[in-house]
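A short worksheet on the structure shown next.
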Amino acid sequence: METKLNELRSDSRGVSPVIGVVLMIAVVVILAAVVGAFATGIFGNQQQSPQAAFSLDDGTVTMDSGDSIPGDQLTVEGAGASAFDNDPVTAGSVATGATDGNTDGQITVTWTSADGGQSAVLASFDVSTGTT
């Protein structure tokens, strides 16, 4: 009986699985924290793209409403960068000469951040119909 008791005290087979489970839980918690931090934008200096509405009529893109945007941050497909008639671009500003430069059936208005690190398509028009 004494040997059986000593054998049970020295048996450490159950320790390894417990440590493994604890380590796996710690890894999952750390991974969730990192993913959550990236999703909420904690890491990096991310700039939100401006909000604006544009319309297209016979190769002329007009900003209908939205945020004031520096003209050098907007590109109109076919018309090029700084195509708008005033800087900053505000409601009522127009850019002429918009064409389907890459023949994909779309004319796009693209915003690029001042440092060039981010960009977003603010408007995309179907060439055949002129609608977004």
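Name the single residue, out of those in region 52-74 being of a type outside the set (V, I, T) and surrounded by 20 or more Cβ atoms within 10 Å (Cβ to Cβ), that is farthest from G117 (Cα to Cα). Give the steps one after another, and end with the answer.
From region 52-74, those of a type outside the set (V, I, T) are 52-59, 63-68, 70-74; that's our starting set.
Then keep just the ones that are surrounded by 20 or more Cβ atoms within 10 Å (Cβ to Cβ); that gives 52, 54, 56, 63, 73-74.
Working: A52: 20, F54: 23, L56: 27, M63: 24, Q73: 12, L74: 14 Å.
The residue in question is L56.
If we scan region 75-87, do we find a residue that is aromatic (F, W, Y) and either over 16 Å from D58 (Cβ atoms) or surrounded by fewer than 21 Cβ atoms within 10 Å (Cβ to Cβ) (or both)? Talk me through it step by step, then tell me what you get.
From region 75-87, those aromatic (F, W, Y) are 84; that's our starting set.
After this cut, where a residue has to be either over 16 Å from D58 (Cβ atoms) or surrounded by fewer than 21 Cβ atoms within 10 Å (Cβ to Cβ) (or both) as well, the list is 84.
Yes, the conditions are met somewhere in region 75-87.
Restricting the search to strands (runs of 3 or more DSSP E) fully inside region 1-91 and requiring at least 1 residues that are modelled with pLDDT of 80 or more and of a type in the set (F, W, Y) gives 52-57. Checked against (1) within 18 Å of M63 (Cβ to Cβ); (2) assigned to a loop (DSSP other than H, G, I, E, B), S128 passes all but a single condition, namely (1).
Answer yes or no as to whether T110 is assigned to a loop (DSSP other than H, G, I, E, B) and of a type in the set (S, T, Y). Give the steps one after another, and end with the answer.
Working: assigned to a loop (DSSP other than H, G, I, E, B): no; of a type in the set (S, T, Y): yes.
Here the answer is no, as T110 does not meet what is asked.
The values are calculated or read from the model by the stated rules, or taken from the named source; none is laboratory data. Computed from a predicted structure; not experimentally measured. Reconstructed Cβ throughout: ideal geometry from the backbone, glycine too, with neighbour counts over all protein chains shown.
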